[in-house]
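Report on the structure given below.
The values are calculated or read from the model by the stated rules, or taken from the named source; none is laboratory data. If you're wondering where the values come from, they're calculated on a predicted model, not measured in any experiment. Cβ placement follows ideal geometry from the backbone for every residue including glycine, while neighbour counts extend to all protein chains displayed.
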Amino acid sequence: MLICRVVKPLVSTNRIPDFEHKHLQVVLDGSTQKVAVDAVGAIPGDWVICVGSSAAREAAGSKSYPSDLTIVGIIDHWDPEAAKAEAARIAGGPA
């Protein structure tokens with residue numbers, strides 16, 4: 001699982017039939033932008049939980065669904081700087 005931030009919706013009107021009406025979002029994973037199927041209704045600015053691989057296809061609705069990244073949850077509160085400081089503290093490094 002990944003923690004990502006939703007950047008903006010991605011509109012694609014010409015799609016393969018398996019994509020149906022699923023919403024797509026551009027998400028930021030660190031400094032990398034990725035496209036994720038949105039199964040929960042996230043909006044730009046939301047911190048979200050994403051799953052990949054076969055879990056992404058199942059979360060999007062079907063094992064045959066053509067997705068390798070799906071948003072499965074919206075995080076109520078996430079402070080990435082506090083998370084980095086806590087990880088450094090646990091590892092014994094500087095905060």
So which residues in region 16-36 are of a type in the set (V, I, T) and either touching a Cys at 6+ places or on another chain (Cβ under 9 Å) or at pLDDT below 90 (or both), if there are any at all? I16, V27
If only one of Q25, Q33 is surrounded by fewer than 14 Cβ atoms within 10 Å (Cβ to Cβ), assigned to a strand (DSSP E or B) and in contact (Cβ under 8 Å) with a residue 12 or more places away in the chain, which one is it? Q33
